[in-house]
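Right, one structure below, let's go through it.
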Amino acid sequence: MAKKPESKNRVVADNRKARFNYEITDTVEAGIALTGTEVKSLRGGKATIGEAFAGPSGNDLLLFNAYIPEYLEANRFNHDTKRPRRLLLHRRQIDKFIGATQREGYTVVPLKIYFNEQGRAKVELGLGRGKKLHDKRETAKERDWQRDKARLMRAKG
């Protein structure tokens with residue numbers, strides 16, 4: 001059996017429902033401005049981005065509602081668990097995302113938070129449009145068919 005290529009990225013939080021609830025048209029990797037206790041807490045791997053979204057605030061793009069738990073050893077110097085965090089993107093990318101959310105009805109959804117090869121925390125953002133109920137049913141039906149097809153192919157040998 002062929003092995004998957006080794007990825008040096010260590011995924012901390014994954015938004016698995018994002019591709020089910022949204023039709024993702026474009027993805028981009030963004031840096032995230034964090035405090036020291038947030039980075040240490042992320043290395044523990046307990047973050048949640050299930051209800052998180054990115055949105056404009058002035059000229060910046062911020063990540064809202066992402067839960068990074070408190071770092072237990074930090075006592076009074078700890079961070080707020082759901083504070084808005086600034087996303088580090090090029091100006092052209094920020095303008096593209098802000099324009100898409102304001103004009104075309106798209107949503108900027110975080111797909112995963114991970115540490116890259118240099119040990120920096122990154123967020124993979126997706127530009128998506130919400131799926132309707134019938135689209136979600138079609139996605140589930142296609143996923144079930146792929147699973148059944150793979151099961152049949154394994155059974156035949």
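Odds and ends about this structure:
- Count of region 25-39 residues which are open to solvent by less than 20 Å² (accessible area, probe 1.4 Å) and of a type outside the set (A, V, I, L, M, F, W, C): 2
- Some residue of region 49-67 being under 14 Å from residue 28 (Cα atoms), acidic (Asp, Glu) and at pLDDT 90 or above: no
- In region 125-141, the residue that is nearest to the chain's Cα centre (by Cα) out of those that are closer than 12 Å to residue 19 by Cα and not basic (Lys, Arg) is 125.
- Among the residues of region 10-39, those that are touching a strand residue (DSSP E or B) at 6+ places or on another chain (Cβ under 7 Å) and part of a helix (DSSP H, G or I) comprise 18, 21, 39.
- Residue within region 84-104 that is among the small types (Gly, Ala, Ser) and under 24 Å from residue 47 (Cα atoms) present: no
- Residue check, residue 67 under 22 Å from residue 36 (Cβ atoms), under 18 Å from the mean Cα position of the chain (by Cα) and hydroxyl-bearing (Ser, Thr, Tyr): yes
- Restricting the first member to region 73-89 and to residues that are more than 19 Å from residue 49 (Cα to Cα), and the second to residues that are among the hydroxyl-bearing types (Ser, Thr, Tyr), the beta-carbon pairs closer than 7 Å and six or more apart or on different chains are 74/37; 77/37; 78/37; 78/71.
- Checked against the criterion of being of a type in the set (A, V, I, L, M, F, W, C) and not in a strand (DSSP E or B), region 101-115 contains not a single residue that satisfies it.
- Within region 107-121, restricting attention to residues that are open to solvent by 40 Å² or more (accessible area, probe 1.4 Å) and within 16 Å of residue 34 (Cβ to Cβ), the residue that is nearest to the chain's Cα centre (by Cα) is 112.
- Selection within region 75-106 - touching a helix residue (DSSP H, G or I) at 6+ places or on another chain (Cβ under 7 Å) and crowded, with 18+ Cβ neighbours inside 10 Å: 79, 106
- Under the condition of being in contact with a strand residue (DSSP E or B) (Cβ under 6 Å, 6 or more places away or on another chain), among the charged types (D, E, K, R) and open to solvent by 50 Å² or more (accessible area, probe 1.4 Å), the residues counted in region 40-69 number 0.
- Close Cβ contacts (under 8 Å, 6 or more residues apart or on different chains) running from residues in region 122-138 that are closer than 15 Å to residue 107 by Cβ and among the small types (Gly, Ala, Ser) to residues that are open to solvent by 10 Å² or more (accessible area, probe 1.4 Å) and assigned to a loop (DSSP other than H, G, I, E, B) comprise 128/106.
- As for region 133-148, it holds no residue that is part of a strand (DSSP E or B) and modelled with pLDDT of 90 or more.
The values are calculated or read from the model by the stated rules, or taken from the named source; none is laboratory data. Only a predicted model underlies this, so the values are computations on that prediction, with no experimental measurement involved. Heads up, the Cβs are rebuilt from the backbone with ideal geometry, glycines too, and the neighbour counts pull from every protein chain shown. For the accessible areas, the whole protein counts, side chains as well, though only heavy atoms, and no ligand, DNA or RNA atoms are used. Shrake-Rupley method; radii C 1.70, N 1.55, O 1.52, S 1.80 Å.
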